[in-house]
Amino acid sequence: MAGHGFVTNAGPGPIAPGPTPDATRRDFLFVATGAFAAVGAIFAVWPFIDQMEPAADVIAAGAPLTVDVSKIPPGQQIVVIWRAKPIFIVHRTPALIAELRKPAALSLLRDPDSKEDQQPAYAANWSRSLKPEFLVAVGICTHLGCIPTFVPTIGDPTLGADWPGGYLCHCHGSRYDSAGRVFKNVPAPLNLPVPPYHFVGGTKLVIGENPTGQKFDISSVEQL
């Protein structure tokens, strides 16, 4: 796929430089299920982006990006690029949602109530989201900038029976739940940041704009 603008290496390791000016919209979307992400395989897809052929310089400048989340199956994640950063969008299953409030799972977390300023006020809740079924977060580990791997299987045998589903950073072992909340006793100090976003018509997710009446700038988070 080299030469066609696809992202072919989005596994462990520091985030790569931003897109070049001649990039096409294929640079701005890739999808990974838990199984594919576990081995670092990521393939490009098209149906999710609602804006047809957005210019690379417009996206790089931080223009809002619209995504149709109705096409994301439960238990899967897509990753879009906004302001040259990967944005994780996860359609959480009822089981993953239930894990977010279980006392045993909460006891594993460093900041379960999102008290640190890593999200807008409208996402400082138990699901860190406007809708419990959808996570929207910047996909960069708050330790040294690697891209965590989505591991949605609850009790995954490689991570232990108490694994609630979420993210593993292979660089240095940091862990996050499926709301992007960081575990205790790992190198990463903070939860994954949540960008400004809102929904239009129930299924259209607009990244880069706040809901009406809300104010939040991604630059205000403690660590991006």
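Every number here is computed from the coordinates shown, using simple stated rules; none is lab data. The model shown is predicted, which means the values in this text are computed figures rather than measured ones. Cβ sites come from the backbone with ideal geometry, for glycine too, and all protein chains shown count toward neighbours.
Which order do LEU106, LEU96 fall in if you start with the one that has the fewest other Cβ atoms within 10 Å?
Details: LEU106 16, LEU96 25.
Fewest to most other Cβ atoms nearby, the residues stand as LEU106, LEU96.
Within the shell of other residues whose beta carbon sits under 15 angstrom from the beta carbon of ASP217, the net charge comes to 0, with Lys and Arg scored +1 and Asp and Glu -1.
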